[in-house]
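Every number in this text was worked out from the coordinates using simple rules, so none of it is lab data. Note that the coordinates shown come from a computational prediction; the quantities given were computed from them, not determined experimentally. Don't worry about glycine lacking a Cβ; one is built from the backbone with ideal geometry, like all the others, and counts go over all protein chains shown.
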Amino acid sequence: MKSHLNLIVLALLAGACLFGLNSTSAQAENIAKMLDDSGIEPESLSLMQDAAKALYTAQKKSVGDAKDWTNTATGTSGKVEIVGLKNDCVQLFHSLEVARPSKVTEISVWRCRTSSGDWQLTASP
């Protein structure tokens with residue numbers, strides 16, 4: 001299970017480097033380490049990402065918009081909330097709780113829309 005999560009984390013890091021985050025790779029590595037240390041399962045990570053995507057891709061978005069998610073199979077759950085908006089960027093705050101062992105992890109990230117319309121993980125707007 002952990003090897004699948006490591007692959008997801010590596011994909012996130014590769015994407016960050018591809019899109020010009022080399023100067024902030026330490027932040028991307030920090031986020032990846034936090035996710036890895038959280039014990040989140042790949043299925044729960046997917047649910048977390050889906051909840052975040054629903055927020056940052058919405059036509060109308062406001063600070064305070066939030067989505068809860070739960071993996072009923074594992075008991076892992078979380079919440080993602082928009083905590084900042086700037087130009088074509090959305091700052092997201094993730095709080096996730098892994099059921100076994102009980103552990104809460106909090107992560108703040110920015111997603112910015114590129115000129116091609118894709119949303120990329122960035123260090124800042």
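The residues of segment 110-125 that are assigned to a loop (DSSP other than H, G, I, E, B) and not polar (S, T, N, Q), listed by number, are Gly117, Asp118, Ala123, Pro125.
Collect the residues in segment 110-124 that are over 18 Å from Ala32 (Cβ atoms) and surrounded by fewer than 14 Cβ atoms within 10 Å (Cβ to Cβ), keeping them in residue-number order. Within segment 110-124, Thr114, Ser115, Ser116, Gly117, Asp118 qualify. Is there any pair with a first residue in segment 30-48 that is free of Cβ contacts under 8 Å to residues at least 24 places away in the same chain and a second that is surrounded by 15 or more Cβ atoms within 10 Å (Cβ to Cβ) whose Cβ atoms are under 8 Å apart and which are 6 or more apart or on different chains, and what are they? From residues that are free of Cβ contacts under 8 Å to residues at least 24 places away in the same chain, the pairs are Ala32/Val9; Ala32/Leu12; Ala32/Leu13.
Contact map, segment 104-118: first residue touching a residue at least 60 places away in the same chain (Cβ under 8 Å), second residue among the β-branched types (Val, Ile, Thr) and in a strand (DSSP E or B), Cβ cut-off under 9 Å, separation 6 or more or different chains; pairs are Thr105/Val98; Val109/Thr122.
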